[in-house]
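Below: one structure, written as structure tokens.
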Amino acid sequence: MSLKTAKKRIAILGGGPSGLFMYKRLIESELKNLKIEIFERKAHLGAGMPYSSEGAEVEHITNVSDNEIPIIFNSIEDWVKIAPKSILKKFDIDSEKFNEYKVLPRLFFGEYLSAQFDLLIKQAEKKSIITKVHLNTTITDILDDKGTKKVKVKVDGKEDGIFDEIIICTGHNWPKKHEGKIPNYFDSPYPPKKVTLRCNHSIALKGSSLTAVDAIRTLARSNGKFTQNDDGTYLFKLDANSSKFKIIMHSRNGLLPAIRFHLEDSHLGKDDTLTKKQVQDHIKKNGGFISLDFVFDRNFKQQFKKKEPKFYERIKDMDLETFVEAMMDYREKLPPFDLFKKEYAEAEKSIEKRESIYWKEVLAVLSFAMNYPAKYLPAEDMQRLQKVLMPLISIVIAFVPQSSCRDLMALHDAGVLDIVSVGEDSRVEPNAKGGATYYYEDENGKQIAKHYKMFVDCVGQPHLSFEDFPFQGLIDGGIVSPAKLNFKDIKKGTAAYKKGNKLVEKTENGHFSLRVPGITINDYFQVVDEDGVASERVFIMAVPYIGGYNPDYSGIDFCEAASEQVMKKISA
């Protein structure tokens with residue numbers, strides 16, 4: 001076969017949303033003689049974990065609407081006009097009355113994503129791009145052969161393909177630590193069917209994020225019913241045989257997440273943030289690092305100068321810590337469900353008038369915009385980001401949909417849902433006979449140890465460590481390396497090292513580095529080895545394994561942005 005007709009073989013590992021966006025980029029590219037193979041663990045493409053039965057039931061809904069989602073092949077509004085009537089009927093969707101501003105059932109969104117894959121495959125056929133799909137297939141290992149400059153994949157330990165490039169898009173992963181060994185102890189609420197349980201006792205949830213909301217919606221419907229009266233009041237009533245059912249969320253700061261409101265820019269104003277050139281120019285002037293304070297000033301504070309000058313005057317002299325303290329202090333002054341109801345009314349007004357709650361919108365922009373510069377932060381700034389800024393971001397940009405809010409408020413009013421603040425030093429110990437004991441200090445400094453017959457960890461997708469990376473061949477071949485950040489200030493590095501922080505290491509030149517979650521990647525999502533050399537053949541978009549360098553898990557937005565960077569390198 002001549003070089004002119006040789007196929008360029010690319011493998012996409014994972015056929016969820018990340019794989020979908022990567023496939024879209026490839027077939028829309030100018031690459032010639034392309035053969036793409038997609039390996040998917042499940043029986044269908046597109047939905048991934050969040051939008052399939054692995055991550056959702058009928059009660060679960062998206063926290064984004066059609067107008068906020070990047071167009072794949074066509075918009076949801078256009079797709080519903082050609083969607084199978086059986087799917088529209090199943091989810092009670094009227095194509096004539098479809099509203100692009102409304103959130104959707106997650107399983108319905110999964111059907112849309114699967115349909116997008118089918119439409120893209122047909123488009124690829126028209127462009128003479130060969131697509132081979134492997135369903136119900138799990139890749140067990142990857143080998144990067146530097147000699148042949150090819151990548152090999154293994155299925156069940158057997159070689160199953162040789163490729164020019166491979167993109168790892170394996171999506172979410174919740175490792176099981178105690179689940180299955182300890183009765184009624186769940187390392188995550190997914191798949192939700194496993195917590196579809198009738199419980200006549202209290203249940204402890206760790207966290208109060210969107211993951212906790214998912215668990216609450218499933219557990220509540222297994223133990224009672226929601227009803228809406230003629231006057232609009234929304235109530236929850238327990239089943240008679242679940243009279244002792246109660247859910248207690250345990251949160252580090254005792255706060256509920258913020259509520260979905262109207263976004264002025266449905267794609268979060270990403271064009272107004274620091275450009276890559278501005279980031280790189282700052283890095284050159286700042287000793288090879290980007291300052292968190294610089295990013296906070298340019299990607300957050302400066303955004304208010306024109307839009308909300310009064311708010312800018314209020315915060316312009318605040319450093320990161322002062323701003324976060326002010327915002328958290330305001331939130332912590334009110335009882336959590338009182339604040340939740342107040343913010344629900346505020347969000348309803350925002351949606352009705354189509355006016356943004358601008359500071360929250362800009363905070364979401366800041367969170368997303370942290371992904372690119374995060375790998376250039378000095379270690380001491382990454383510690384500030386993790387400890388100071390991310391706890392606020394995780395609360396404010398959760399964007400809980402209105403129907404979920406109504407569930408939570410009805411459950412609290414019925415006396416079956418509460419939240420307690422447990423602080424950073426709290427811990428959970430599984431009980432061999434079932435459930436777990438929560439240890440924490442209450443607001444009065446009293447030590448609490450409370451046993452629950454059932455425990456569900458709801459902190460969301462964990463940032464997995466280098467040791468959790470699933471492809472041993474890439475580890476053994478020295479193709480991947482643990483993600484690290486160097487300290488800029490040697491005094492701060494020395495102090496952290498002397499305190500016994502196990503993540504702080506002394507380097508050969510006498511400086512210090514901080515281990516952060518996952519593996520090392522570059523700007524193009526190529527895996528990077530210990531010597532700082534990027535693989536020309538192996539790319540990764542699987543968020544659990546790159547969390548140290550990509551602190552914001554922004555779902556569909558992340559898939560779109562990351563696939564663009566990967567495509568730039570493959571095209572080059």
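When G434, G460 are checked against the criterion of being touching a residue at least 40 places away in the same chain (Cβ under 8 Å), on the phi > 0 side of the Ramachandran plot and under 21 Å from the mean Cα position of the chain (by Cα), G460 stands alone in meeting it. When you look at K193, is it charged (D, E, K, R) and either without any contact (Cβ under 8 Å) to a residue 24 or more places away in the chain or more than 30 Å from K244 (Cβ to Cβ) (or both), yes or no? When the stated conditions are applied, K193 does not pass them.
Taking the numbered list (1) touching a residue at least 40 places away in the same chain (Cβ under 8 Å); (2) farther than 23 Å from S571 by Cα in turn, K506 passes all entries but (1).
Between H250, H262, H282, the distinction of being on the phi < 0 side of the Ramachandran plot and assigned by TED's automatic domain parsing to the domain that holds E424 belongs to H250 only. Residues that are surrounded by fewer than 17 Cβ atoms within 10 Å (Cβ to Cβ), farther than 15 Å from K181 by Cα and not small (G, A, S) within the range 429-458 comprise T437, Y439, E441, D442, E443, N444, K446, Q447, I448, K450, H451, listed in sequence order. When G548 is tested against the conditions (1) touching a strand residue (DSSP E or B) at 6+ places or on another chain (Cβ under 8 Å); (2) among the small types (G, A, S); (3) outside any loop (DSSP other than H, G, I, E, B), the lone failure is (3).
Of all residues in the range 555-572, one or more are in contact with an Asp or Glu (Cβ under 9 Å, 6 or more places away or on another chain) and within 25 Å of R384 (Cα to Cα).
If we keep just the residues of the range 448-464 that are part of a loop (DSSP other than H, G, I, E, B) and at pLDDT 95 or above, which is nearest to S209 (Cα to Cα)?
Going residue by residue through the range 448-464, those that are part of a loop (DSSP other than H, G, I, E, B) are 453, 458-464.
Then drop every residue that is not at pLDDT 95 or above, which leaves 453, 458.
On the way: K453: 22, C458: 7 Å.
Of everything passing the filter in the range 448-464, C458 is nearest to S209 (Cα to Cα).
For K246, the conditions (1) touching a residue at least 60 places away in the same chain (Cβ under 8 Å); (2) more than 17 Å from D413 (Cβ to Cβ) all hold with the exception of (2).
For the residues K276, K237, the requirement of being surrounded by fewer than 20 Cβ atoms within 10 Å (Cβ to Cβ) and more than 30 Å from the chain's Cα centre (by Cα) singles out K237. All conditions but one from (1) touching a Phe, Trp or Tyr at 6+ places or on another chain (Cβ under 6 Å); (2) more than 30 Å from H201 (Cα to Cα) apply to L389; the one that does not is (1). Any idea which residue in the range 525-545 is surrounded by the most Cβ atoms within 10 Å (Cβ to Cβ), counting only those that are under 19 Å from the mean Cα position of the chain (by Cα) and part of a loop (DSSP other than H, G, I, E, B)? This residue is M541.
Conditions (1) modelled with pLDDT under 95; (2) in a strand (DSSP E or B), marked per residue:
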{"site": "K488", "(1), (2)": "no, no"}
{"site": "E508", "(1), (2)": "yes, no"}
{"site": "L514", "(1), (2)": "no, yes"}
{"site": "D557", "(1), (2)": "yes, no"}
{"site": "V566", "(1), (2)": "no, no"}
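Taking the conditions exactly as written (touching a residue at least 12 places away in the same chain (Cβ under 8 Å), over 30 Å from P544 (Cα atoms) and surrounded by 15 or more Cβ atoms within 10 Å (Cβ to Cβ)), does F368 satisfy them or not? Answer is no for this residue. In the range 2-28, the qualifying residues are those that are part of a loop (DSSP other than H, G, I, E, B) and either at positive phi or among the β-branched types (V, I, T) (or both), and the one that is modelled with the lowest pLDDT is T5. Looking across the range 56-87, the residues that are over 17 Å from the mean Cα position of the chain (by Cα) and small (G, A, S) come down to S75, A83, S86.
The values are calculated or read from the model by the stated rules, or taken from the named source; none is laboratory data. This one's a predicted model, so the numbers in the text were calculated from it and none came from an experiment. Don't worry about glycine lacking a Cβ; one is built from the backbone with ideal geometry, like all the others, and counts go over all protein chains shown.
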